[in-house]
Amino acid sequence: MFQDRSHIFVVRTPNMGWIDQLFDAKAAKAGGIVRRSVASVEREVGRDIFLREVRKRRFHLVETGGQFVVFCHTGRLRVLT
């Protein structure tokens, strides 16, 4: 009557438009910061792709409190406390 579907895997295609939209934001283009939840990043593109895209732009990335915070500039970053 019921089929066992425990062996079925769902493969999601990364939403690269989401990445483009993130880095096209006014704050990103102005060298500011953008913030997204870790869950949102993992759902839309996956952690590995997100890290690759941040590195490609030579930006800085911090993970804190369930959030990714991207500093959208290539200059020096110092954590003071």
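The values are calculated or read from the model by the stated rules, or taken from the named source; none is laboratory data. These figures come from a predicted structure and were not determined experimentally. With ideal geometry, Cβ positions are generated from the backbone for all residues, glycine too; neighbour counts draw on all protein chains shown.
Structure data summary
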{"quantity": "Output for region 61-81, where each listed residue is part of a loop (DSSP other than H, G, I, E, B) and aliphatic (A, V, I, L, M)", "calculated": "LEU77, VAL79, LEU80"}
{"quantity": "Among the candidates VAL70, VAL79, VAL38, residue that is surrounded by 14 or more Cβ atoms within 10 Å (Cβ to Cβ), over 18 Å from MET16 (Cβ atoms) and not polar (S, T, N, Q)", "calculated": "VAL38"}
{"quantity": "Selection within region 26-35 - surrounded by 14 or more Cβ atoms within 10 Å (Cβ to Cβ) and either in a loop (DSSP other than H, G, I, E, B) or touching a Leu at 6+ places or on another chain (Cβ under 9 Å) (or both)", "calculated": "ALA28, VAL34"}
{"quantity": "Breaking point among (1) loosely packed, with under 12 Cβ neighbours inside 10 Å; (2) of a type outside the set (Phe, Trp, Tyr); (3) not in a loop (DSSP other than H, G, I, E, B), for ILE19", "calculated": "(1)"}
{"quantity": "Unique residue being in a helix (DSSP H, G or I) and either touching a Phe, Trp or Tyr at 6+ places or on another chain (Cβ under 7 Å) or exposed (fewer than 14 other Cβ atoms within 10 Å of the Cβ) (or both) when the list is ARG12, ARG43, ARG58", "calculated": "ARG43"}
{"quantity": "Filter result (of a type in the set (A, V, I, L, M) and either within 13 Å of ARG47 (Cα to Cα) or modelled with pLDDT of 75 or more (or both)) within region 9-18", "calculated": "MET16"}
